[in-house]
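Heads up: the structure comes next, in C-alpha cells.
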Amino acid sequence: MLTLACGLACNSQGSPQSVFDQVLKTFEHGKLEESQNKAKHECERLKNADPEWAWKFRILQAESLLWRGMYSEALAVLNIPLSPPKTKDSLVEIFAIKAAAHARLHEFSDADGEIAQAIQICEQSSSNACGDVMRAQGALAVQRGQTVLAKERFEDSLQFARTRADQFLEETSLLDLGATALRDGHFDEAIDWTNAAYQKATILEAAGEVQAALGNLGWAYYNLGDSEKSLALSLRAEDGATKVGDIIDQLSWITNTGYVYADNGDFTRAKNSYLKAYTLAAEIRGKEDIYNALRALALVSEESGDLDGARRYADQAIAMARADKNREDELYPLLIKGLVAAASGNPEEGEQIFREVEQDHAVSPSLQWRAQHALARTYGDRKLPTAASTEYQTALSTFEAARSSLQRPDSRLPFSHNAAHLYDDYIHFLVGQGKTNDALRWADYSRARTLAEGLGLLPRQSSASPGALNSQAIAQRTRAVILFYWLGKQSSFLWAITPTQTRLFTLPAVEKIEAAVDRYRKALEGPQDVLGSSNGDARYLYETLIRPAQALLPKKNAKVIVIPDGRLNDLNFETLVVPGDTPHFWIEGATILNASSLRLLASSRPALAAHARSLLLIGNAVSPSSEYPELPNAQAEMSSVAGHFSSEQAQMFQREQATAPAYFGADPEKFSYIHFVAHGMASRLSPLDSAIVLSKSGSGGENFKLYARDIIQHPIKADLVTISACYGAGTRAYSGEGLVGLSWAFLRAGAHNVIAALWEASDVSTAQLMDRFYDGLGKGETPDTALREAKLALLHSSGPFHKPQYWAAFQLYAGSGS
C-alpha cells in the first residue's frame, strides 16, 4: 500500500546541458512518460557522438521507468552491453537504480550486490549521487520489512540532501520517511513527514511527488479511521498518478479507495478496485503491490462471504510473504484464514490461528486487536462468556493503547472509528448476558474521549477501564431524564435514566434509523410544513426513539438530556412530532438539551459567580470577500444582545474591530457569556478547520477566520457561548465523539454550555430568537429554559418563523460545567 518514491538526482555536465536540464525538469515535474521518451531519443542521438552524455540520458530514461513502476524495463535499459560510463556519478546512479528495481522485484541478493558496488565508490568519493544510494538502501530495507533500518537510511539521505542543497532529493526523502512511518503504524509522524513532502513538492512543481504525498496521506487517514477524508485524498492521488503515467502509484491509490468502499459495505466496488490493482501489479511484476492486492482481495472475499476465494487469496499472499521471509506480511492473511476457519464451522482452528497472530512478536497493534476481537467472538459463539469478556477487554485495551500513542486531537478524533465494530460487538454481548449496566458503562466509556481528555476529565490511558458510573445519581443531579442512545449494526439500544431507575429498550438497527433521520433532516431545512404534512419520518422517529421511554418522562415540564449516537447528532429532537388528536412538536412538552456523555454530565460544576453578567460580543464584521456577504441584520442582533447588559458588563468588537486576534486579546476566560454574530463555515473533511468568519486582521491569507483548532488552545470558563452563525455545530460526526466543529471546540476549551446551529440559519429570525433568549436569561432563566421559551415564541407566532426551519437550527450543548 505504500509508495516509496524512486527518483534519483542527476548530476549533469557537458555540451548537451541545456537539453538535459529540460528533460530533467520534465521528470521532476512528474511527466514521466514524456521524460522517458525524450531521454531515450537523446540517448540514441548521442550514443556515437558523445557516449558519456548518452549514458546520462540513458540513466534518466531508466529512472523514469523506475518511477513509473516498470522495474524490469528499467533494468533492461541499464543492462544493455555497452562500455560503462567513465564518471563516478553515473556509475553510482546506475547501481542505485538497479538496486531499487531489484528490491521492488524482491530480487534481494541482486539488490545487495548493486548497493555494495555503489557503496564502494561512495567510500572513495563525495559523489552527489551517493544520497540516492542511501535511498536505495532504505527502499530495499522496506521491501524486506526492516522498517527501523529503512528509517535510518532515509534520514541519512535527507541529511545528505540538505547538506548538498538538493531540494528534489530532500523532498523524496521526506516522502519516504512518511511512507516508512505509515508502514510502522506511526500515523501522526507519517502525516508530519508527508505534509512536509507535499509542501516541498508543491513548491518544486513536482506533480508526481504531489500525488504520491496525497495518496500516502489518504492511506494515513484511512488507518486513523477517517474514511471520508481518505477517499477524497486517494481519488485526487489516483487522478494525479494517471496523468503522470505512474503505474505503481496508480495501483496503490486504487487499492486505497477499495479499502474505503469495503469499509462502507460496498464489497463489489471494493473487489473491482482490488482486481484492477492486481492486474496492474502483475503487469509490472511489483511483488509488494501484488501482495497488497492479494491481501485486500482475501479480506473483501471473507467479508462478503466468499470463503473459498478468501482462502485462495490468503494462501497466495502467505506464500509470497514466506518466500521473502517476511513474517509481518504473513500475519494479516493468516488472520483472514482464521476468520475463514471460524466462519466454516472450525472455531478451534480459528482460535489457534488468532492466538498465533496475537502473540507473534511482529504483530502490529491494529492486527493484534483484530485478532483479539476475533477470539472474543469465537468464544462468544462457543458459549464461553467469561473467556469472551476477557478477550473483548483485552482487545479494547490494545486499541486504547494505540489511540493513546497519538499526539494530536485531530488524529485521535477519527481513530475511534477503528474500534466501532469492536465496541458494538461487546455492547451487544453484554446485553445478551443480561449485564445492561455494564453495557452502559462501556458504551459511555467510548463516548467523547477526546473531548474529556482535553478537559482533563479523563487521562489518556494505555488500557481500557471504564470505572464506576452512577447514572441515576447523574440524572438526579441534573434534574433530568437522560436518554442515552447506541446505534448498532444488528440492533440499537436506548437507556432511559431517571433518578430512581435505569431501563434498557431495544431499537431497530442503525441503518433504518439513520435513513429516517437523513430524510427528516432534509425536510426540516426546506419550506415543508412537517407538522401539518403527512411526513411519516417525524412520527416514526418519535415512536422509535422516544415512545419506548415515555412512561418514564414527567407528563408536564419534562427536562430531557439526549446523549445521541451516530446520525442522531444531526437530529434536533425538539422537532419530533408527538402523534395524537392534536399532533405537536416535542418541544411543546419538554425542555431538551444535548450532551456528549454521562461522564461529562457527572463532572458538571456550578457557574462561577465572579463572572456573572459579563459579555464578550463579537460580530457584524466587515465582509472579507464576496463569498461571505455582510449580514443585513447583524447590527440589529448585536445591539439587541448588548442591550441586555450594562456598558460596564459588556465588551463589544464589531466592524473592523471584529477580528480573530481581538477575541484572543480580550482574555475570553474572563467572561461568563461569549456571543458571535457572524458567518460560520464548517469543514467536513477537517472539522477543526471550521471557523467563524470575522473581519480581516492584516494582509494575506485567511486571517479573517477564527478556527476551531485555535479556539481549543485558549481555555475559557464561560457559562454560555452562543455561535449565532450557520453550521456552528459542525457537519461531521465522529464515532463516539459526536458532531465536531465550532461548538465542540468551545466545549473543549471549557465552556459550560454552547448554543450552535445545525444548519443554515436566517439572520432575521435569529435576531428575534436571540433577543427573546437574552431577555429570558435576564429574568434569571437557565440557558435551556430561556432557549426553549424563545423558540416557542417563534413557533407560536403567526408569521413564517413558526416553521422549524427558522427556530430549530439552534441547539444547546451541555459541557462539563452545565
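Could you list all residues from region 399-422 that are under 23 Å from Lys435 (Cα atoms) and open to solvent by 10 Å² or more (accessible area, probe 1.4 Å)?
Ala420, His421
Tell me yes or no: at least one residue of region 189-203 is buried (at least 18 other Cβ atoms within 10 Å of the Cβ) and free of Cβ contacts under 8 Å to residues at least 12 places away in the same chain.
yes
Which ones in region 786-807 are open to solvent by 50 Å² or more (accessible area, probe 1.4 Å) and part of a helix (DSSP H, G or I)?
Across region 786-807, the qualifying residues are Glu789, Pro800, His802, Tyr806.
From the residues in region 344-366 that are among the aliphatic types (A, V, I, L, M) and modelled with pLDDT of 95 or more, which one is farthest from Gly432 (Cα to Cα)?
Applying the filter and picking the extreme gives Val357.
For region 538-579, which positions are part of a loop (DSSP other than H, G, I, E, B) and among the charged types (D, E, K, R)?
Those that are part of a loop (DSSP other than H, G, I, E, B) and among the charged types (D, E, K, R): Lys555, Lys556, Asp565.
Pick out the one residue from Glu349, Glu328 that is of a type in the set (Asp, Glu), assigned to a helix (DSSP H, G or I) and over 29 Å from the mean Cα position of the chain (by Cα).
Glu349
Those residues that are in contact with an Asp or Glu (Cβ under 6 Å, 6 or more places away or on another chain) and surrounded by 23 or more Cβ atoms within 10 Å (Cβ to Cβ), I need them from region 341-377; list them, please.
Ala371, Gln372, Leu375, Ala376
Check Ala452, Ala464 and return the single one that is surrounded by 15 or more Cβ atoms within 10 Å (Cβ to Cβ), in a helix (DSSP H, G or I) and out of contact with any His (no Cβ under 8 Å at 6 or more places or on another chain).
Criteria check complete, one pass: Ala452.
Give the residue that is surrounded by the most Cβ atoms within 10 Å (Cβ to Cβ), with candidates limited to residues of region 91-123 that are among the acidic types (Asp, Glu) and not in a loop (DSSP other than H, G, I, E, B).
Restricting to residues being among the acidic types (Asp, Glu) and not in a loop (DSSP other than H, G, I, E, B), the top hit is Glu93.
For region 684-722, give me each residue that is open to solvent by less than 30 Å² (accessible area, probe 1.4 Å), under 25 Å from the mean Cα position of the chain (by Cα) and within 22 Å of Glu737 (Cβ to Cβ).
Those that are open to solvent by less than 30 Å² (accessible area, probe 1.4 Å), under 25 Å from the mean Cα position of the chain (by Cα) and within 22 Å of Glu737 (Cβ to Cβ): Ser686, Pro687, Leu688, Ser690, Ala691, Ile692, Leu706, Ala708, Ile711, Ile712.
Is there any pair linking a residue in region 319-342 that is within 12 Å of Arg144 (Cα to Cα) to one that is outside any helix (DSSP H, G or I) and open to solvent by less than 10 Å² (accessible area, probe 1.4 Å), with Cβ under 8 Å and at least six apart or on different chains, and which?
none
What are the residues in region 493-508 that are under 32 Å from the mean Cα position of the chain (by Cα) and of a type outside the set (A, V, I, L, M, F, W, C), if any?
Thr506, Pro508 - these are the residues of region 493-508 that are under 32 Å from the mean Cα position of the chain (by Cα) and of a type outside the set (A, V, I, L, M, F, W, C).
Restricting to region 31-89, and then to whatever is under 41 Å from the mean Cα position of the chain (by Cα) and outside any helix (DSSP H, G or I), can you tell me which residue is farthest from Val210 (Cα to Cα)?
Only one residue fits best here, namely Met70.
Specify which of the listed residues (Asp324, Asp315) is modelled with pLDDT of 95 or more and farther than 29 Å from Asp192 by Cα.
Checking each option against the conditions leaves just Asp315.
Residues are listed down the side, and each one gets a yes or a no for (1) closer than 17 Å to Leu593 by Cα; (2) out of contact with any His (no Cβ under 9 Å at 6 or more places or on another chain); (3) of a type outside the set (A, V, I, L, M, F, W, C); (4) touching a residue at least 60 places away in the same chain (Cβ under 8 Å):
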{"site": "Tyr734", "(1), (2), (3), (4)": "no, no, yes, yes"}
{"site": "Gly738", "(1), (2), (3), (4)": "yes, yes, yes, yes"}
{"site": "Arg748", "(1), (2), (3), (4)": "no, yes, yes, yes"}
{"site": "His752", "(1), (2), (3), (4)": "yes, yes, yes, yes"}
{"site": "Ala757", "(1), (2), (3), (4)": "yes, yes, no, yes"}
{"site": "Glu760", "(1), (2), (3), (4)": "no, yes, yes, yes"}
{"site": "Gln768", "(1), (2), (3), (4)": "no, yes, yes, no"}
{"site": "Tyr774", "(1), (2), (3), (4)": "no, no, yes, yes"}
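Inside region 281-298, can you point out the residues that are free of Cβ contacts under 8 Å to residues at least 60 places away in the same chain and open to solvent by 30 Å² or more (accessible area, probe 1.4 Å)?
The answer is Ala282, Glu283, Arg295.
Quick one: which residue in Thr390, Thr436, Thr386, Thr394 is open to solvent by 10 Å² or more (accessible area, probe 1.4 Å), over 22 Å from the mean Cα position of the chain (by Cα), in contact (Cβ under 8 Å) with a residue 60 or more places away in the chain and farther than 18 Å from Gly736 by Cβ?
Thr436
If you go through region 161-170 one residue at a time, do you hit one that is more than 30 Å from the chain's Cα centre (by Cα), of a type in the set (Gly, Ala, Ser), open to solvent by 30 Å² or more (accessible area, probe 1.4 Å) and closer than 17 Å to Ala196 by Cα?
Taking every residue of region 161-170 in turn, at least one turns out to be more than 30 Å from the chain's Cα centre (by Cα), of a type in the set (Gly, Ala, Ser), open to solvent by 30 Å² or more (accessible area, probe 1.4 Å) and closer than 17 Å to Ala196 by Cα.
Which ones in region 239-280 are surrounded by fewer than 24 Cβ atoms within 10 Å (Cβ to Cβ) and among the acidic types (Asp, Glu)?
Asp239, Asp263, Asp266, listed by residue number.
Please determine whether any residue of region 611-626 is of a type in the set (S, T, N, Q), assigned to a helix (DSSP H, G or I), free of Cβ contacts under 8 Å to residues at least 40 places away in the same chain and open to solvent by 10 Å² or more (accessible area, probe 1.4 Å).
Checking region 611-626: not a single residue is of a type in the set (S, T, N, Q), assigned to a helix (DSSP H, G or I), free of Cβ contacts under 8 Å to residues at least 40 places away in the same chain and open to solvent by 10 Å² or more (accessible area, probe 1.4 Å).
The values are calculated or read from the model by the stated rules, or taken from the named source; none is laboratory data. Given the structure is predicted, the values throughout are model-derived calculations rather than measurements. Cβ coordinates were reconstructed from backbone atoms using ideal geometry, including for glycine residues, and neighbour counts include every protein chain displayed. Ligands, DNA and RNA are stripped out before the accessible areas are found, and what is left, the full protein with its side chains, is counted by its heavy atoms. Shrake-Rupley method; radii C 1.70, N 1.55, O 1.52, S 1.80 Å.
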